[in-house]
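Worksheet for the structure shown next.
Here, each number is a calculation from the coordinates, and none is a lab measurement. As the structure is a prediction and not an experimental result, all values here were calculated from the model. FYI the Cβ positions are ideal-geometry reconstructions off the backbone, even for glycines, and counts take in every protein chain you see.
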Amino acid sequence: MKLYYARNSRAVRVAWLLEELNIEYEIQKFDLGSKEMRSPDYLEIHPMGRVPTLEDGPVKIFESGAIIQYILEKYKNNSLVPSFEDQEFSNYLQWFHYAEGMIMPPMNIIVVETILLPPERRTEVNVKRATKLLNQMLIAVDAHMNNRDYLAGTFSAADLMTGHAVIMADRLGADMSDKPNLLTYIARLTERSAFQKASNL
């Protein structure tokens, strides 16, 4: 099993899962945005030249949520997935998908407009709109986390997805001053040794 990885990217989610489950894996590290990610060889693996990608024998898969589901299914590890009968199962599904459906779209705009584009091509209106939307998305997570340690009862793959998105939003400078539940949630997640290993490969 080989993971194509860059720090401060969605690839951290996959490495975090592998570390949580103590699964051995090979790693190919990139600097985020490096020319190597757009090389012909890598574009054959990931047609958009991004990370993560997971290679597992003949299997090549490059969507972080799909990779996480693939690994959990392959290893039949149910410790990070509530059973259908569990009252938290619907929360698990919702918050597993919330990261990419709700948090990451405005974050992507902010990253492009404030980091990736040269100053003369940036649009302040886009940044303001995306920042407002991101704040609304995070408020919903903060409300859900009232009197909770994790999104779906115990630590689960939903925390790998939306928890990671919340951590990255905080590091991007999202306003957390009115979101006390998220501040404690971020601290709880980032204290996990598997997260620390995955973030610093």
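Over what distance in Å are the Cα centres of region 160-194 and region 74-135 separated?
Comparing the Cα centres of region 160-194 and region 74-135, I get a distance of 12 Å.
Within the chain, what's the longest stretch lacking GluC sites (Glu not before Pro) that sit in DSSP loops with no more than 16 other Cβ atoms inside 10 Å?
Here the longest run is 86-190.
Which order do VAL12, VAL127, VAL166 fall in if you start with the one that has the fewest other Cβ atoms within 10 Å?
Least crowded to most crowded, the residues run VAL127, VAL12, VAL166.
So which trypsin sites (Lys or Arg not before Pro) in region 38-139 end up in coil per DSSP with only 13 or fewer other C-beta atoms within 10 Å?
Of the trypsin sites (Lys or Arg not before Pro), the ones in loops of region 38-139 whose Cβ has at most 13 other Cβ atoms within 10 Å are LYS76.
Only counting other Cβ atoms within 10 Å, I'd like HIS46, HIS164, HIS97 sorted with the fewest neighbours first.
HIS97, HIS46, HIS164
Past 21 Å, Cα to Cα: identify those pairs from LYS29/LYS74; LYS132/LYS197; LYS2/LYS74; LYS128/LYS179, in the order given.
The answer is LYS29/LYS74; LYS132/LYS197.
Local charge sum around TYR75 (other residues, Cβ-Cβ under 15 Å, Lys/Arg +1, Asp/Glu -1)?
Computed value for this residue: -3.
Taking the Cβ of each residue in LYS179, LYS197 as the centre, tally the other Cβ atoms inside 10 Å and list the residues starting with the fewest.
Ordered by Cβ neighbours within 10 Å, fewest first: LYS197, LYS179.
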